[in-house]
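The structure appears right after this line, and notes come after that.
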Amino acid sequence: MSTRLVIAGGGHASLPILKMGHHWKKLGISITLVSDQMYLIYSGALPQFAGGFFTFDEISINLKDLCERYGVEFCQGRVKAVNQNLSLVETSSGDKFLYDLLLINVGARAKENHPESRVFPVKPLSKLLPLFEELKAGTVQKLLIAGGGAAGTELALNLSHPASSVKSAITITEHGNRLLSAFPKRLSDKVTRILGKRGVSVLLNNSFEQVTFSDYDAVIMATGNRPESLSIDHTFHTGQNHRLLTLPTLQLPGLPNIFAAGDTADVDGKNYSQIGVHAVKQGPLLRSNINAFFDGRPLKPYKPYPVNPLILSNGPDHAFFTAKSFVSGGRPEAILKYAIDMKWLEKYTMPPERRRSFYQLMRDGEKRSRTH
Ligand SMILES: Cc1cc2nc3c(=O)[nH]c(=O)nc-3n(C[C@H](O)[C@H](O)[C@H](O)COP(=O)(O)OP(=O)(O)OC[C@H]3O[C@@H](n4cnc5c(N)ncnc54)[C@H](O)[C@@H]3O)c2cc1C
């Protein structure tokens, strides 16, 4: 009888584990991924996809294919409950999975839940896809983006780019006194100027509750997220913002065989920001800690980067780089972002012999930045 590792949610943090499928099978460990979506959309490239600068295949990872390639069982289903006493994961369609080891990596969803069909939450990302179709088809005359944080602003920049396939009139509303309030003011000023020149209405000091949604054909809600684990019935300890509390090793306190990572986890009570940088960095740590757990070796703690830089895309030919108080913007930043994003994606979408070198990616990024 093999040891069963069940992964709830195929988020950014889970991917390095999936690639261990064949290797761990030889050691008597079977992996099952339960994911409500067949595809993981890479959020770092989604705003450019919205503007028509990437195809869906370029920004998504087919989880079923990835599982097949590495000998992992894929089950499409939504985890609705974890029964700790029975070591059982249950999906909303009634499938049941017994686990010896469990990883919870279900991400986050938009905090605000609006029943109106014309309101599209920014998370989960899959909910935006039908809207992007409509935007490209030209059926949305007036679009409102609620929330001027990194997600809302990057979408506004790409949708309003002169080469974007979207021609809707865009308004972005922010309850603070500037866009991108978590970043240097110089960045906010530059971005606000660009959006203004493109005819985007930027409403500051203006909460979305003050806006009449019916004045718009569609609304993107980008006003913050909550952990998706809140929609799962469980008895685990939670930390800040209701995220699943973990030890520095990403294990749940007192439950060494259960791990959580990414947006849904409050690692060591530190409530790190819900950014892919953490999820992506936690992936390889999960892999080595799960390995150590099986071998009976000590597990390592999660150590974030001392600084989390952000590259904010503004179409394929321009991006902003910011870290702490530093801000720069230009074509090289866009090329660097392309190379970093594609390097990560190709690890999960292509066999090693087809992956491009970083040098090649930079060259391709340069070419791409001049063709749109
Ligand atoms: C527009 C936008 C742009 C962004 N850009 C950046 C960026 O440039 N850099 C950056 O660092 N961060 C960025 N982020 C944040 C980033 O998307 C998240 O931090 C990251 O995706 C978190 O990864 P994760 O591993 O926690 O889970 P996710 O990658 O969110 O994946 C969770 C997965 O679990 C699935 N799932 C959910 N519930 C269940 C369930 N009950 N059962 C089964 N499966 C389930 C979901 O469908 C999803 O596939 C951006 C976010 C947005 C919205």
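The values are calculated or read from the model by the stated rules, or taken from the named source; none is laboratory data. Computed from a prediction, not measured in an experiment: that's the story for all the values here. Glycine also receives a Cβ, built like all others from the backbone with ideal geometry; neighbour counts cover every protein chain displayed.
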Report task. Might you let me know whether the stretch 287-300 holds any residue that is in a helix (DSSP H, G or I), within 15 Å of the ligand (Cβ to nearest atom) and in the same structural domain as residue 21 (by TED's automatic domain parsing)? Result -> yes
Query raised in the report: Before we move on, is residue 131 within 11 Å of the ligand (Cβ to nearest atom), of a type outside the set (Gly, Ala, Ser) and either touching a residue at least 60 places away in the same chain (Cβ under 8 Å) or within 25 Å of residue 272 (Cα to Cα) (or both)?
Result: no
Query raised in the report: Which of the residues that make up the stretch 205-240 are free of Cβ contacts under 8 Å to residues at least 40 places away in the same chain, of a type outside the set (Asp, Glu) and assigned by TED's automatic domain parsing to the domain that holds residue 154?
Result: 205, 206, 207, 210, 212, 214
**Report entry** residue 347, sole failed condition from (1) surrounded by fewer than 16 Cβ atoms within 10 Å (Cβ to Cβ); (2) closer than 26 Å to residue 184 by Cα; (3) within 16 Å of the ligand (Cβ to nearest atom)
**Finding:** (2)
Query raised in the report: Just wondering, is there one or more residues in the stretch 120-143 that are part of a loop (DSSP other than H, G, I, E, B), modelled with pLDDT of 95 or more, under 23 Å from residue 175 (Cα atoms) and not β-branched (Val, Ile, Thr)?
Result: no
**Report entry** Number of the condition not met by residue 102 [criteria: (1) assigned by TED's automatic domain parsing to the domain that holds residue 238; (2) within 17 Å of the chain's Cα centre (by Cα)]
**Finding:** (2)
**Report entry** Unique residue being within 8 Å of the ligand (Cβ to nearest atom), assigned to a strand (DSSP E or B) and touching a helix residue (DSSP H, G or I) at 6+ places or on another chain (Cβ under 9 Å) when the list is 5, 33, 40
**Finding:** 40
Query raised in the report: Hey, which of the strands (runs of 3 or more DSSP E) in the stretch 227-274, taking only ones fully inside, have at least 1 residues that are within 10 Å of the ligand (Cβ to nearest atom) and either farther than 23 Å from residue 288 by Cα or under 16 Å from the mean Cα position of the chain (by Cα) (or both)?
Result: 255-260, 265-267
Query raised in the report: Cβ-Cβ below 8 Å, separation at least six or inter-chain, first residue in the stretch 296-317 and within 20 Å of residue 286 (Cα to Cα), second assigned to a loop (DSSP other than H, G, I, E, B) and at pLDDT below 95: which pairs?
Result: 308/273; 308/275
Query raised in the report: Restricting attention to the stretch 54-83, which residues are assigned to a helix (DSSP H, G or I) and surrounded by 15 or more Cβ atoms within 10 Å (Cβ to Cβ)?
Result: 58, 59, 63, 64, 66, 67, 69
Query raised in the report: residue 163: among the hydrophobic types (A, V, I, L, M, F, W, C), in contact (Cβ under 8 Å) with a residue 12 or more places away in the chain and either within 25 Å of residue 55 (Cβ to Cβ) or part of a helix (DSSP H, G or I) (or both), yes or no?
Result: yes
